[in-house]
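Before any comments, here is the structure.
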Amino acid sequence: MLHRRIIARWTLAGLVAAAAIVPAHAQQPAAPAAAPVKLGIVSFLTGPAASPFGIPGRNGAEIVIEALNAGKAPAPFNTVGFAGSKIEAKYVDEAGSAANVVTEFRNLVQRDQVDAVVGYVSSGSCLAVTPVADELKALTVLYDCGTPRIFEEKARNYVFRVSPHATMDNVAAARYVLAKKKNITSYSGINQNYAWGQDSWRDFLGAMKVLAPKATVDKILFPKLFAGEYGAEISTLLTSKSQVLHSSFYDGDLESFIYQEQARGLDKRMTVILTAGEASVARLRDKLPDGVIIGARGANGMLARDTPIAKWFHQIYFDRYNTAPTYNAYQMAQSMLGLKLAYEKAAKAGKPTADTIAAAFKGIEFEGPAGKVAMTLGDGHQGVTETAYGTYRFNKQKKEPEIVDIMRFPAECVNPPAGINSDKWIEGGMKGAKC
Amino acid sequence: MQKSFSIAPAQIFGAIMFVAAAAAGPLLPDWIVSLTTIAFANALVVLGLVVLWRAGLVSFGQALYYCIGAYVVALSARWTGFTDAIALVLIGGIAAGFVAFLIGFLLARYREIFFAMLSLALSMILYGVLVKTESLGSTDGFSVETPTFFGYAPHGEMLGRSLYWLTLAIDAAAAVFIAWYFRSVAGSLAAPIRDNEIRVEFLGVSVTRIIHTKVVIAGVLGGLGGALAAMSVGHVDPNMAYWTTSGGFVFVTVLAGSGYVAAAFVGSLVFEAVRSFAYAFMPQFWQLTLGTVLLLTILFLPDGIGSLVSRLKRRQQAPEAGL
Amino acid sequence: MLTAFAILTDGLVYAAYLFIVAIGLTLIFGVMKILNVTHGSFYAFGAYGSATAAGIYAAGGWNAALGFLFMLTFAMAIGLVMGLILERGLLRQVYGKDEVVIVLVTYATFLILEDVIVLIWGPQSYAAYQPMVAAGNIEIGELVLSNYDIGLVVIATVVAALAYWSLRFTRYGRLLTTVIFDRETAAAFGINVTLVYTVTFLIGAMLGALGGAVMAPKISVTLGIGVEVIVLAFAVVAIGGMGSIEGALIGALIVGICRAAAVHLVPQIELFVIYGVMALVLVVRPYGLFVRAQPRKI
């Protein structure tokens, strides 16, 4: 008995010592035929953000990489991989503290020697990783995080973001609801009490103040992230006279809120705007009430235009994963395609390096599954696209969810012009918006 | 259950390890240097927990001091433009220590689970305050300016190495101080306090005052660790005050055991290695891996890694010892 | 006036939820002196189990009340099985050790079980809304209340009453009270403390799972619900006093009403309310509201 315990102790100690050495060696892949392009893909693989965001993003990367490696993407993306070199991807979990995220980023760049990192859902991760990327001169494409701060705080050299930032979502929400509902005298908001919810509300409030200065704000609610139980908040809203409710809730919190408010008839009293609602449409289906205003953080998913490339992406994703791609998958696809174009532009002048790819990426314009992208903000590092909002209906005959009454907003209408910070732009009355 | 460690060999061993680690800095690849720097910064917090654990107290709120140290450094750099690393680290440690001093008046009256719960509550209150503070970026946090060293402003590799050496230096100083503390009267009273407080009171010693001192020491160490981590990661966010961060430190304390000062540093490195291993090999199930390692450690190595060493020594000494 | 009524009803509903979740935890702590972090896992497993059961009964088209009962029973059965495995397999090994060590064992187990949930149910979220929709709602002035919420309050009251009655008036309940008060003396009187421990842990596990099962129809059952609930349960138990059923009840009521008041009147402090109340109570009554300082053994 004692003997076994002694063995157990030393085995444990040995395992733990091996754990220090093994990862260092395990990452050397056997040298393949033609030097492949190594990409590090970082997304939430565990935790509550995995299922709605992290995993669709990861799957989006996987399916696009497969298509590119087989040369099967539609033109102008039909060359194999990146400029003929196949793509190898390493998938890393984004979960953990900022220290973990930064450590894993350094591991990808310095230990695993990837050619570029594509990733990051959480704005906190993006903000932590960006200075490190510039310090290490590591080409990085942020695919989902929404904070405008990345390029507004400081000029960046090696960091790019093809997906537009979140200001667009809330400015467009304000424009849509004011276009569709006349006589709005009061509005309220329920958003999660963390940066995403706070920023979303601030932008919506700012836009409403500019576009509907006579309307008043009634209830401003910030329940805890992942609270799950909104009884008190719903009661508060039931006693409010607002006609519109703004929410940037997503996934679990969104579904819980919808179940609970429906049971109490809140959506019959006020129009609910869900700026990130598209991702939950496929799950909620007939449980999502008719009349809810849905956003998709761009022309993604059910709000995408009916272009060949959008149809192609939807098809390959659905064929593999048996579910429609949500907006994260679209954002990842856009990011990968943008990176591919930049890489190939740089490859025309010789073997691409981080510097040449970065130079090629600046200001690039292309069309992907989520529409036309132009990298016009952040000195050519931040992309803008158009966006769209619509109203939800569950089609009882076809038993399928539908988004009707779609309004599209061109990029210049809902994004700040180059050189102005988003919050200053909204505060200043959104000058220069071309709608 | 407490082992008094023999003085001279352990200290010489410690000194050699620190010098070796410092010398190895330029030879190791950058990613190992930065990983190790963070592990050694966290080791300071763990050392504080060891100080408390010797007296039978487990704090689930060390993240409070960690976060204070980090934010003080980040805010000083941001508001005053002052970026000297050594000064900032010391300011971080002192600020955290001051808060620990104030909180200690309350905390020193509690024991066991209530000590743990109250410390947890206090760190969560700081978390809540930071989340509500949108000007500091709420949960996104904000970045820390690049530190300088007495006017010298390194970049790239040299920056990583400079932080590494600074962390090692502060670790060494802390290790020496804590080793001395453990040998002092107040330090050696930890075990008696853990076993039977009332009798220690009968000896004429104020237990509350000793525990208050330990809370302050742990607070200063937590603040120093947070300050170093902030500069090394380059980013601070409210998550540094969340209870799961405290849980991580407690995890390492269990791994390290309370027998040796050096165990805190070794344990911290081991934890970082296990975490990297779990992320690299089981990215979807790293929680399972960490939980299993923790469980196995508690079941089979209840006194931590340090006990491996003392077991070895005891086997060597057994013929003479007689007990 | 309406606001006051709303605060009261919201506070009661939230308190009902907290009480059902916290009662298992306080029982286990009172008897076994173990702060069981795995309680969060019992809750999560109960929620996932009842979501699966909801799927079964919805597909089978059963009667709503029967289906709901099935959900609860299914979840409690899962709790029972988990409790057995944990108590027999793991806790037995660590009973003699330091309290804090046992807490860490339960914390490690909780981490492991979080990933076990992913292994069994996958990373996606589940819905079990059928009972809540079936229950309908009632209007009181401007306020609309969900009948399911009212049902929750009823369930919590029933659980509280049952707990109180069994502790006072059944033989087993009185054994339990004795063991809570002083384990060693109880053993000296010939009480089978090991058996009491096992049964208590099982009851605690089933209550935790019940908590998850009754909440499942209101929320989206997803990863991480265990984590949130642990901190809430701990706070309530700390406020009320470890091991005290009345404490859990009063603690839940205090936290529930304070939080509802905060949301209606001062939404900015909603995040701190629970920790603030906990800190405040612990300052005034270090062992919680209903527990006197234990005589210390020299």
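Just so it is clear, none of the values below were taken in a lab; they were calculated from the coordinates. Please read these numbers as outputs of a predicted model, since none were measured by experiment. Here the Cβ is made from the backbone with ideal geometry for all residues, glycine too, and neighbour counts use every protein chain on show.
Taking only the Cα atoms of chain C, the ratio Rg/Rh comes out at 0.97, with Rh defined as the Kirkwood radius. Calculated FRET efficiency, B:His155 and A:Lys181, Cβ-Cβ r, R0 51 Å, to nearest 0.05? The computed FRET efficiency comes out at 0.40. Listed by chain and number, the lysines placed with their C-alpha closer than 28 angstrom to that of C:Lys97 are B:Lys3, B:Lys214, B:Lys313, C:Lys33, C:Lys297; residues fewer than eight positions away on the same chain are left out.
For B:Arg314 and B:Arg199, the FRET efficiency from 1/(1 + (r/R0)^6), where r spans their Cβ atoms and R0 equals 25 Å, is about 0.35. Label-to-label distance for A:Asn78 and A:Ile420 is 4.3 nm, based on points extended 7 Å past Cα in the beta-carbon direction. If you fit an axis through the alpha-carbon atoms of helix A:167-180 and take the longest principal axis of the Cα set of chain A, what angle between them do you get, 0 to 90°, nearest 10? For helix A:167-180, the angle is close to 30 degrees.
Taken one residue at a time, the phi angles of the stretch A:305-314 give Karplus couplings (6.51, -1.76, 1.60, θ = phi - 60°) of 6, 8, 8, x, 6, 5, 5, 4, 5, 4 Hz. Gly and Pro are set to x. For the protein assembly as shown, taking a cut-off of 4.7 Å between Cβ atoms, the unpaired cysteines are B:Cys67, C:Cys258.
Within a 10 angstrom radius of each residue's Cβ in A:256-267, how many Cβ atoms of other chains show up on average? Whole number is fine.
On the way: counts 10, 2, 2, 11, 8, 2, 5, 15, 10, 4, 1, 0.
Average per residue, whole number: 6.
Distant-in-sequence amide contacts of C:Asp182, defined by a placed amide H-H separation under 5 Å and a gap of 5 or more residues or a different chain, comprise nothing. Once the mean of 1/r is taken over each pair of separate Cα atoms and inverted, the stretch B:54-187 shows a Kirkwood hydrodynamic radius of 16.9 Å. Inter-chain Cβ neighbour count for B:46-59, averaged per residue, equals 1 (cutoff 10 Å, partner chain atoms only). Close amide H contacts of A:Ala388 (hydrogens built in the peptide plane, cut-off under 5 Å, sequence separation of 5 or more or a different chain): A:Ala296, A:Gly298, A:Ala299, A:Phe409. Peptide C:222-229 is shielded by partner chain Cβ atoms: per residue, an average of 6 of them sit within 10 Å of its Cβ.
Give the peptides B:81-87, C:285-291, B:61-67 in descending order of average Cβ contacts within 10 Å, highest first. Walk me through the numbers before you get to the answer.
On the way: B:81-87: 15.9, C:285-291: 18.7, B:61-67: 31.9.
The packing order, highest mean first, is B:61-67, C:285-291, B:81-87.
Computed log10 I(q)/I(0) for chain A at 0.09, 0.13 Å⁻¹: -0.58, -1.12, from the Debye equation with unit scatterers placed on every C-alpha and solvent omitted. Between the amide H of B:His235 and those of B:Val144, distances stay under 5 Å, these residues lying 5 or more places away or on another chain, with hydrogens modeled in the peptide plane.
At an R0 of 22 angstrom, the distance between the Cβ atoms of C:Arg168 and C:Leu80 translates into a FRET efficiency of 0.35. Residue by residue, the stretch A:97-112 carries 3J(HN,Hα) couplings of 6, 4, 4, 4, 4, 5, 4, 5, 5, 4, 4, 4, 6, 9, 7, 8 Hz when phi is fed to the Karplus relation 6.51 cos²θ - 1.76 cosθ + 1.60 (θ = phi - 60°); x denotes Gly or Pro. Here the simple spin-label model places points 7 Å from the Cα toward Cβ, and for C:Val266 and C:Glu246 these points are separated by 3.0 nm.
Using a ≥ b ≥ c from the Cα gyration tensor of the protein assembly as shown (square roots of the eigenvalues), is it rounded, prolate or oblate, where a/c under 1.5 gives rounded and otherwise the larger of a/b and b/c decides, a/b for prolate?
Numbers: a/c = 1.72, a/b = 1.16, b/c = 1.48.
Note, shape of the protein assembly as shown comes out oblate.
Considering only alpha-carbon pairs that sit under 8 angstrom and 6 or more positions apart, the relative contact order computed for chain B is 34 percent.
The aspartates and glutamates whose alpha-carbon is closer than 20 Å to the alpha-carbon of A:Lys219, local same-chain residues fewer than 8 away aside, are A:Asp199, A:Asp203, A:Glu229, A:Glu233, A:Asp253, A:Glu261, A:Asp267, B:Glu134, C:Asp10, C:Glu142, C:Glu270.
For a quick protection proxy, order the peptides A:409-422, B:152-165, A:126-139 by their average other-Cβ count within 10 Å, most packed first.
Details: A:409-422: 18.9, B:152-165: 16.8, A:126-139: 22.5.
For the peptides A:409-422, B:152-165, A:126-139, the packing ranking is A:126-139, A:409-422, B:152-165.
Going by the alpha-carbon gyration tensor, a ≥ b ≥ c the square roots of its eigenvalues, is the stretch A:215-297 rounded (a/c under 1.5) or, if a/c is not under 1.5, prolate (a/b greater than b/c) versus oblate? Because its axes are fairly even, with a/c under 1.5, the stretch A:215-297 counts as rounded. The value of relative contact order for chain A, using C-alpha pairs under 8 Å at least six residues apart, is 16 percent. Indicate the gyration tensor shape class of the stretch A:149-277 (rounded, prolate or oblate), computed on the Cα atoms with a ≥ b ≥ c the square roots of the eigenvalues: a/c under 1.5 is rounded; otherwise a/b larger than b/c is prolate and the rest oblate. Taking the square roots of the gyration eigenvalues as a ≥ b ≥ c, the stretch A:149-277 is oblate. Couplings for the stretch C:67-72, taken from phi via the Karplus curve 6.51 cos²θ - 1.76 cosθ + 1.60 with θ = phi - 60°, read x, 5, 4, 4, 4, 5 Hz in order; Gly and Pro are left as x. Summarising the label geometry, the points placed 7 Å from Cα in the beta-carbon direction at C:Ala161 and B:Leu28 lie 6.5 nm from one another. For the pairs A:Lys180/A:Lys209; A:Lys209/C:Lys218; A:Lys181/A:Lys434; A:Lys348/A:Lys372; A:Lys214/A:Lys241, flag any whose C-alpha to C-alpha distance is greater than 25 Å. Check vs 25 Å cut-off fails for A:Lys209/C:Lys218.
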